[in-house]
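Right, one structure below, let's go through it.
The values are calculated or read from the model by the stated rules, or taken from the named source; none is laboratory data. Since the model is a prediction, treat every value here as computed from it, not as a measurement. Cβ: placed from backbone, ideal geometry, glycine included. Neighbour counts: every protein chain shown. Ligands, DNA and RNA are excluded from the accessible area calculation, which covers all protein heavy atoms including side chains. Shrake-Rupley method; radii C 1.70, N 1.55, O 1.52, S 1.80 Å.
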Amino acid sequence: EMEADMNRLCYGDCLDVLHSLEDESVDLIYLDPPFNSNRDYNAFFSSTRHDDTSAQVVAFEDTWHWGEQAQKEFDELLHKSGSGTLGETILPALRAFLAESDMMAYLVMMASRLVELHRVLKDTGSLYLHCDPTASHYLKILLDGVFGPINFRNEIIWKRSQPKSHIKINFPTTHDVI
């Protein structure tokens, strides 16, 4: 019975799932969040009928906007006991710099989740955050605010075998950061 409880896969919004987990109950977290890339990601679904039809739907939009939800999460983070320097200084400073921008909305969404991830991660646990240059510099600041700069261990560079270029005026993206 105990082993079945140790290995489980949870589906749903990670913030909702995190609220259902006990403090310091997780050994390893690999986080591959949306990158705030302003792109829509599609999912393909096969039909159960035999006519070989399939449907394509938008799985999620990787676009964040400042609004009521972002403001609510921002206010909660300022007063949440587990947010530490993140709520005291880092988020207010980032908001002073970024204002109510799409990037700030994305960072608030990520900060809410990082605080909960910190709560459920064991002291001996590890967290790996996969990101790209769109927001990696801001995410590192959030991680330092939640986990403390002393807990940063390494940056892993994941080199692409096939660089991707979404915009012709930029250099191709050749790596992601973990």
Per-residue ³J(HN,Hα) for the range 103-120, Karplus 6.51 cos²θ - 1.76 cosθ + 1.60, θ = phi - 60°, Hz, x for Gly and Pro: 4, 5, 4, 4, 5, 5, 4, 5, 4, 4, 6, 5, 4, 5, 4, 4, 4, 8
Extension reserve of the residue 156-residue 98 stretch, reckoned as 0.36 nm per residue once the Cα distance is removed: 18.2 nm
The range 101-157 - accessible surface per residue (Å², probe 1.4 Å): 45 Å²
Calculated FRET value between residue 22 and residue 174, using beta carbons and R₀ = 35 Å, to 0.05: 0.30
For residue 22, solvent-accessible area (1.4 Å; no DNA, RNA or ligand), Å²: 140 Å²
Other-chain or far-sequence residues with amide H under 5 Å of residue 173's (modelled H): 164, 165, 166
Protein accessible area in the range 93-178, 1.4 Å probe - carbon and sulfur %: 58 percent
Gained length - residue 122 relative to residue 9, 0.36 nm times residue gap less alpha-carbon distance: 38.9 nm
